[in-house]
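The values are calculated or read from the model by the stated rules, or taken from the named source; none is laboratory data. Just so it is clear, the model here is predicted, and its values are computed rather than measured. Backbone-built Cβ (ideal geometry, glycine too); neighbour counts: all protein chains shown.
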Amino acid sequence: MRIVVLGAGVVGVTTAYQLAKDGHEVTVIDRQPLAANETSFGNAGMIAPGHSYTWASPKAPGILFRSLFQRDQALRLSLRADPQMWSWCLKFLRNCTAERAAANTRNKLRLCQYSQKVLHETVAETAIEYDRNTRGILFLYRDAQSFEAGVKHMKILEDGGQTFHVLDFAGIIQVDPALKSARGKIHGALHGPTDESGDCHKFTNALADTCLQRGVKFQYETTITGIETAGDRISGVQTDKGRVTGDTVVMALGSYAPFFSRKLGIDLPVYPVKGYAITMPVKDLDAAPRVPGIDENFLVAYTPMGDRIRMTATAEFTGYDTTHKPADFNTAKEVAENLFPGAGDFSRASYWAGLRPMTPEGTPRIGPTRYRNLYLNAGQGHMGWTMSHGSARVLADMIAGKKPAIDTTGITAT
Ligand SMILES: Cc1cc2nc3c(=O)[nH]c(=O)nc-3n(C[C@H](O)[C@H](O)[C@H](O)COP(=O)(O)OP(=O)(O)OC[C@H]3O[C@@H](n4cnc5c(N)ncnc54)[C@H](O)[C@@H]3O)c2cc1C
């Protein structure tokens, strides 16, 4: 089959890889000059089934409400006249019951676990190098109260098959001796030993090269401007470089998918949630983290990536704006200096912002639509690097008419 994949982020490229493996003739279209150049560029790099919690939870409405009045660094929501945002927020609030939160978390966890397995298969097949770190992830808590809540909260993931080690400070510095400077600042931690990390941008570009060698065509620097229909089928994709046709079209446009789905009458509740990242070279190897982690109180993630450290933070509802200013990185910088003083070279740091393609439930929309030859693979949200490999395989199986290897409850497009 001739399949056109719209978008060369990590979701589009992993999809192209799985489709090519199944013997399809694949063309990928993206406006960027290379793969993973938008949200998949600067994420925290965590492959973290151990962090599959959905954002919509009974606590979330209070947090959202407070963020309207406080200039919070972790979550920023402002009163804007954006009907898409408010419609998304209403759907999000409907998912904030304990029952919905538990069901959405289980659906997310199932996809994340499967996705990590597919990632391992892909790494074994391709031998891609991407600053992989398989020492697990540390979830750090600064006080007894948040630590106890974290241990309680983790049970749902443990029941779903994730392993966690509950650590006091002595245990933490055994896992990562670089945290020795955090004595007196961290009360306890959970260590998810099976979680891992790696550079999503490096991986995706290497996988795009593998795809190219296997005959996949990439049309970069090509902006998609419209999708043509003929009855219940997609008849073509309009771009600024001309019309592209195929037997089947897969929409993997991340936060931008709703621009096209809306015109086609397809309900795709994806809204961009902005996040920020600093990447800096390691200055002092001894002081630098060996194991990635999340400061659960400040909601800042830190990830060792080869000879670099990446710090990420903030969930901000600000439409499609990807600009940033120095103050956006204050909390991430403070956490870096607080936990790993002197480890990174801020004078040579690079700064970035990207848009998480979030659904209210936190689960993506994968699969067929009301158009017989149009499939979605979008909405992987704050865990798109983790979920991409499994999402791609699930979609490829659906296109092949096979039953996906996992229960797809909560992750389908219809
Ligand atoms: C700060 C931050 C930290 C994160 N940390 C993690 C993490 O640790 N682990 C994790 O699993 N996930 C993480 N994520 C989430 C993850 O990065 C995203 O879910 C993932 O990158 C989404 O991939 P995507 O392919 O759907 O979207 P994108 O990477 O945005 O790809 C969409 C592609 O579509 C193209 N496109 C859009 N419109 C058009 C058009 N009109 N014409 C042509 N091309 C178009 C874009 O150029 C882009 O390449 C993080 C995100 C952020 C912002």
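E38 falls short on exactly one of the conditions (1) modelled with pLDDT under 95; (2) of a type in the set (D, E, K, R); (3) crowded, with 19+ Cβ neighbours inside 10 Å, and that condition is (1). Selection over region 275-321 of residues that are part of a loop (DSSP other than H, G, I, E, B) and of a type in the set (G, A, S) gives a count of 4.
Does R310 qualify as being over 21 Å from the mean Cα position of the chain (by Cα) and either more than 10 Å from the ligand (Cβ to nearest atom) or not acidic (D, E) (or both)? No, not satisfied. Taking the criterion of being part of a helix (DSSP H, G or I), small (G, A, S) and surrounded by fewer than 17 Cβ atoms within 10 Å (Cβ to Cβ), the residues of region 139-161 that qualify are A144, S146, A149.
Looking only at residues of region 166-195 that are among the charged types (D, E, K, R) and in contact with a Pro (Cβ under 8 Å, 6 or more places away or on another chain), we find that the one that is surrounded by the most Cβ atoms within 10 Å (Cβ to Cβ) is D195. Within region 341-378, the set of residues being among the hydrophobic types (A, V, I, L, M, F, W, C) and free of Cβ contacts under 8 Å to residues at least 60 places away in the same chain comprises just one member, I366.
Within the option set G293, G275, being in contact with a Gly (Cβ under 7 Å, 6 or more places away or on another chain) and at pLDDT 95 or above holds for one residue only, G275. Against the conditions (1) modelled with pLDDT of 95 or more; (2) assigned to a helix (DSSP H, G or I), Q84 satisfies every one except (1).
Among residues of region 1-29 that are of a type in the set (K, R), those with a Cβ under 6 angstrom from a residue that is outside any helix (DSSP H, G or I), sequence gap 6+ or separate chain, pair up as R2/E25; R2/G246; R2/D247.
Residue count for region 1-18 satisfying the condition of being buried (at least 19 other Cβ atoms within 10 Å of the Cβ), closer than 18 Å to L374 by Cβ and more than 8 Å from the ligand (Cβ to nearest atom): 6.
Candidates in region 19-69 are the residues that are in a strand (DSSP E or B) and within 30 Å of H191 (Cα to Cα); of these, the one that is farthest from the ligand (Cβ to nearest atom) is I47.
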